[in-house]
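Bear in mind that the values in this text are calculations on the coordinates, not laboratory data. None of the values given here were measured: they were computed from a predicted structure. Cβ placement follows ideal geometry from the backbone for every residue including glycine, while neighbour counts extend to all protein chains displayed.
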Ligand code: FAD
């Protein structure tokens, strides 16, 4: 990299990643930078990516979006979590909610009190004390910051939306804020002979787009960081063996429920994302264990409503780039790596990478320290999410197909084994401080997948038996009292 100041930013790719980058840079650095986005209508976008996690609300706040207008424009719905069906064993079901079940008391997480009660024969599962579960079961939704005047937090939520409407929405937002959109297919990339930095891209018709810094948002093609700069790819498919998907929209659900569903299948899993006007569905699977034809059949048989098109195939390799930023180019979105969509984390990774890149954005092209820090933090984030995903596959009693036998018996990173062992011993969660997933997320997934702690935190013995019973009863009553007056999800959307 040279000492030349960075004045022109070129974003290549206009999928969700490209337009989130454009919108965020326009909002936060629009006066300091000139921004041009190049996209190709002929190539198009991956066309999926419709479920999110609550962090997206931070992005919307930074962009200054009006929620009502945003949900309307994207045919969006609200999401309280993901329902996992048949994962730990066939017939099992649990909701990974965005909330903390129950209420922590005297610094002890609620699940430890529940665990003590369960050891003493208590009849209800942890989710009996989850505000989110109760709202999901009754298909209710509303704005609830806090439960009564207690310390119990209210309904944390995210959105489901139509991916192409979302890109349209951000495109309009970015153009209004000065981003130039150029249509065309990139056919050549020019580099500085000395530094190796990218200096310009040339489009099929000969037009040249020059820039000082480039963001590669070209999806799985990774045209700049991968192909041109030769940054390699770490393949994680031995831990996350799904490598294919087929996606199909179907008619809207009779009741538009406020959660995503992920149903385990013989060689992968199927998603169901309820939108206002249709349902998004897809089968994510490993082509080593099932043929594409069979996978398509499984998808169609698993639909709750009539399909609207033929299934569309997508191939991928789970993993990440060896580096996320090289020379004067960072890759964001699918170009930077892919963690399969089980926990809806890809759009979050885009948002998190953009905000990190803005925090570390170089004033000139001599940015070795910023680049190293960016690469270190992005790599750690990818690995933490990877571990959480592996847990869903590995922590199972299923041995009813070759795929599940493989997942159950595969070697996993020590970081995953350690977490499973600690939770299995005393219900404690050994997560990193900056892990995207909270203690409650790890607890719900480990319990939901079938790990029941052998003991509980002795601090939960602070309550007498009578106090414990009263505490659990009060928590449940508070949840019912807070949720019952809420509108249904459909009524809330209609408002
Ligand atoms: P793309 O959408 O592929 O966009 C690439 C862009 O680059 C396009 O505009 C294309 O035209 C352009 N381009 C490529 N080559 C050239 C060229 N030569 N010249 C000019 N332009 C070019 N994420 C979630 O958060 N939640 C989910 O529920 C979810 N589900 C998913 C399900 C599946 C099966 C898959 C595969 C992904 C899912 N994702 C999900 C991930 C999500 O879809 C992506 O993170 C998101 O859509 C961003 O994609 P992208 O913009 O990086 O790439």
* Pairwise centroid distance, computed over Cα atoms, of region 376-406 with region 218-241, Å -> 19
* Against the longest alpha carbon principal axis of the chain, how many degrees, from 0 to 90 and to the nearest 10, is the axis of helix 439-449 turned? -> 70
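What is region 54-213 by shape, rounded, prolate or oblate, if you read a ≥ b ≥ c off the alpha carbon gyration tensor as root eigenvalues and call it rounded for a/c under 1.5, prolate for a/b larger than b/c, and oblate otherwise?
On the way: a/c = 2.84, a/b = 2.37, b/c = 1.20.
It is prolate, given that a/c is not under 1.5 and a/b is the larger ratio.
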* Structure fact -> Here, region 248-298 modelled as identical Cα point scatterers in vacuum has Debye log10 I(q)/I(0) at q = 0.29 Å⁻¹ of -1.05
* Asked: By how many degrees, 0 to 90 and rounded to 10, does the Cα axis of helix 16-29 deviate from the longest principal axis of the chain?
  -> 80
* **Between region 450-486 and region 128-144, the alpha-carbon center distance in angstrom** => 17
* When the distances between all Cα atoms of region 1-112 are binned every 5 Å from zero, what whole-number percent does each bin get? -> 2, 8, 12, 14, 15, 14, 10, 9, 7, 5, 3, 1, 0
* For region 244-379, the Rg and Dmax computed from alpha carbons only, in angstrom -> 18.7, 56
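Under 1.5 on a/c is rounded, so check that first for region 1-65, then, if it is not, pick prolate when a/b is larger than b/c and oblate when it is not; a ≥ b ≥ c are the square roots of the alpha carbon gyration tensor eigenvalues. All intermediate terms of the calculation are to be shown ahead of the outcome.
On the way: a/c = 2.49, a/b = 1.26, b/c = 1.98.
The shape class here is oblate.
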* Share of alpha-carbon pairs per 20 Å distance bin for the chain, given as whole % -> 23, 54, 22, 1
* To do: Quick one: grab Rg to one decimal and Dmax as a whole number for region 386-495, Cα atoms only, in Å.
  => 18.5, 50
* Asked: What ranking of 185, 385 emerges when the number of other C-beta atoms within 10 Å of each C-beta is taken as an exposure proxy, fewest first?
  -> 185, 385
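Remind me, relative contact order of region 83-139 in percent, using alpha carbon pairs under 8 angstrom and six or more residues apart?
After rounding, I find 30 percent.
Quickly estimate the mean residue ellipticity at 222 nm for the chain, helices only: each DSSP H run with n ≥ 4 gives -39500 (n - 2.57), and the total goes over all residues, rounded to 500. Before the final figure, lay out each step's value.
Details: 14 runs with 168 residues, N = 495.
Rounded to the nearest 500, it is -10500 deg cm²/dmol.
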* Asked: What percent do you get for the relative contact order of region 115-246 when only Cα pairs under 8 Å and 6+ apart count?
  -> 9
* **From the C-alpha gyration tensor of region 196-289, square roots of 5λ in Å** => 37, 21, 11
* Structure fact -> Length-normalised contact order of the chain, Cα under 8 Å, at least 6 apart, in percent, tallies to 23
* Structure fact -> Per its Cα gyration tensor (rounded if a/c is under 1.5, else prolate when a/b beats b/c, else oblate), region 70-116 is best filed as oblate
* To do: Using only alpha carbon positions, build the gyration tensor of region 177-247, then give the equivalent ellipsoid semi-axes as the square roots of 5 times its eigenvalues, largest first, whole angstrom.
  => 28, 18, 11
* What's the angle, to the nearest 10 degrees (0 to 90), between helix 368-394's Cα axis and the longest principal axis of the chain? -> 40
